[in-house]
Amino acid sequence: MQTFQDTETGQFWQFDDDVIVLGDDGAREFWAAHGERLNAPASLVPAEMPPPAEPEQFVPQVVSRFQGREAMHQTPYGDGTLFDAADAIIADPQTPAMYRRAWDDLQEFRRDSEMLAAVAVMLDLSQTQIDALFILAASIKA
């Protein structure tokens, strides 16, 4: 397989090995083995096809209470686990009572939860770390 990139558009072109390439940069012609000129831009230059992009990993938006808490137990944070750190924040008397009740009663962890977002901010967790936590949680089966 022969690979070329169009210097004007950035698009990649691939031709079978039996395609004949004549000329040089800016004036290339591409010919099929049976003699037909191929309709390809003259602005193609030899190139290597970039590796395929990593597919974006699916981030679940909802996991069960068990999955969320277990993922937090499995995630190191400071001298303990992320669960320990979050539990300490929730237990603080300055934490809004609604958040304490939600922590005690929630049946699922929702990515858009106000309480979880507030705890994540207090723990200085990035969006990437929160995504990783939800991905881990979804992988847990009991």
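Values quoted throughout were computed directly from the atomic coordinates according to the rules given, and no laboratory measurement underlies them. Being a predicted model, the structure only gives us computed values, none of them experimental. Positions of Cβ are backbone-derived with ideal geometry, glycine not excepted, and every protein chain shown enters the neighbour counts.
Applying the condition of being farther than 16 Å from Q129 by Cα and touching an Asp or Glu at 6+ places or on another chain (Cβ under 9 Å) to the stretch 54-66 and asking which residue is surrounded by the fewest Cβ atoms within 10 Å (Cβ to Cβ) yields R65. Filtering the stretch 100-132 to residues that are within 20 Å of F58 (Cβ to Cβ), part of a helix (DSSP H, G or I) and of a type in the set (D, E) leaves only D131.
Entry remark, the stretch 103-112: residues being without any contact (Cβ under 8 Å) to a residue 24 or more places away in the chain and under 29 Å from the mean Cα position of the chain (by Cα) number 1 in total. Of the strands (runs of 3 or more DSSP E) lying entirely inside the stretch 1-99, those containing at least 1 residues that are in contact (Cβ under 8 Å) with a residue 60 or more places away in the chain and either touching a Phe, Trp or Tyr at 6+ places or on another chain (Cβ under 7 Å) or under 30 Å from A137 (Cα atoms) (or both) span 62-64.
For the structure I just gave you, tell me whether M49 is surrounded by 10 or more Cβ atoms within 10 Å (Cβ to Cβ), touching a Ser or Thr at 6+ places or on another chain (Cβ under 9 Å) and farther than 30 Å from M122 by Cα. Yes: the conditions hold for M49. With respect to the stated conditions, A86 is under 32 Å from the mean Cα position of the chain (by Cα), of a type in the set (G, A, S) and surrounded by 13 or more Cβ atoms within 10 Å (Cβ to Cβ).
Of all residues in the stretch 123-142, those that are under 17 Å from G78 (Cα atoms) have Cβ atoms under 7 Å from Cβ atoms of residues that are β-branched (V, I, T) and assigned to a loop (DSSP other than H, G, I, E, B), 6 or more apart or on another chain, in L133/T75.
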